[in-house]
Amino acid sequence: MFDFINLISLPIAPSNMQEPYLILLPIALILLFCKLFALICKKIKIPEVIGFLLAGLFLGLIILIPNQTVFTTYTMEGVDDLAKIGVVLLMFSAGLETDLHKIKSVGIPSLVITTLGVIVPLILGTLASYLILHNSFNESLFYGVILTATSVSVTVATLKEMGKLDTKYGMSIISAAILDDVIGIVLLSLIITIDGGNGDVIYVSDPSWNMVITILVMASFFVLSFIVGILIRKLFKYLDDKYPHHRRIPLFAYVLCFLFAYISERFFQVADITGAYICGLILSSTKSKDYIDHRTDSISNLFFTPIFFCSIAFKMYTGDLQFDNPSFITFGLVWVLMGLLGKVIGAFIGAKITGFKTRESFMIGIGMMARAEVVIVSAQKGVDSKMVSSSIIPFTLILIITSSLLTPLLLKITGKKLNDETPNEPLTIEHNQEN
């Protein structure tokens, strides 16, 4: 009988050998099991990102096998390098899919819903860290920032199934989530920079002035991006007219994506993922946006994105997991609860303030509760910046899975008690777009 355990534990090469081919087996296993788990998740109508995470948790068990030769220190470094490309492309794609015209037309209700939907979980997450773990304010603040992210892919699918996507509250959820992503990513860069996590750059000796200068440097990146973005859009207009749907268009887009990611962190102390996201935003208003996004999905979703999410799940086995620390376990569970309740409460209050009925407001709060890739990106960035413990990763996965399962269930239960809504005419949301 074929003995898989012995196979992965065979001394196929001396321990000091670091041959590039050794990474091929981990990649093959990651891609295979990610696809299998994604198909299972599709069958039960939950996001494929959960399938990627579950695949990582399953494959990560190999790490626990003594003398295994698959996920070694050397091959894990290679996986992490590929994961880095994956997260940059992921955020680039998120920028491409952000409709700036919708942001301009969302109006006051969605802005209020977004603002409170960010502030409440931010405060709750920060307080949980400060009171339970007794972390510094900046460290505690980062735990709160992680909870600000929203992903409404599950919500959109559920509302479409219920026939409620074009209702007033349905479009408000989607519009608010678009703004939520922008605010969350900017907050992420800001807190990393203030804490010195982006290279410990010190401009002057006075901490207060150094913070002010840092913020001004960050702001200059966004101003310059706006100016350069005008030129980039003109360039892509020329390319669209001269070479429609030519492969050189996405090629130039990837060049810009990686340049923005590099320059933003190297010179402006803005997180590289933010640079990639801004590049996507610039190209989101070009005619070739859909073509670039399609090409990006083909590359990213088939290869880099599964590797990224698996590498995150591997942290369950390689990170400094404090399961013997009752305080951190207590904090983790409270943090997950604050993440779930924070969005519901914040968005609920925002909706009520702007005139929605109680049950509609509750549905908006539930719709904003789901988390997915952005919260993982934020948590991993915090770990990389040494601002949060790697032990938060398991609880981040719990938050994603719990919110993704609860959101459609609660939406359907609450939606049954609502009368049919008339479409919200001032806003139009295309049914084939998800956040």
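Some values worked out for this structure:
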| quantity | calculated |
| --- | --- |
| HN-Hα J in Hz across the range 50-62 - Karplus 6.51, -1.76, 1.60, θ = phi - 60°, x for Gly and Pro | 5, x, 4, 5, 5, 4, x, 5, 5, 5, x, 4, 4 |
| Under 14 Å, Cβ to Cβ, from residue 400 - net charge with Lys/Arg +1 and Asp/Glu -1 | +1 |
| Dimensionless Rg/Rh of the range 46-99 - Kirkwood Rh, Rg from C-alpha atoms | 1.11 |
| Gyration tensor (alpha-carbon) shape descriptor, the range 220-262, a/c threshold 1.5 | oblate |
| Per-residue Cβ neighbour rank within 10 angstrom, fewest leading, 293, 240 | 240, 293 |
| Per-residue Cβ neighbour rank within 10 angstrom, fewest leading, 251, 405, 281 | 251, 405, 281 |
| Relative packing of peptides 343-353, 38-48 - highest average C-beta neighbours within 10 Å first | 343-353, 38-48 |
| Per-peptide average of other Cβ atoms within 10 Å, ordering 382-388, 243-249 highest first | 382-388, 243-249 |
| Cα-centre dipole for the range 32-117 with unit charges at Cβ (Lys and Arg positive, Asp and Glu negative), debye to 20 | 400 debye |
| Shape call, the range 251-322: gyration tensor on alpha carbons, a/c limit 1.5 | oblate |
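Coordinate-derived values only; no laboratory data. These numbers were taken from a predicted model, which means no experiment stands behind them. A quick note on method: Cβ atoms are made from the backbone with ideal geometry, for glycine too, and the neighbour counts reach across all protein chains shown.
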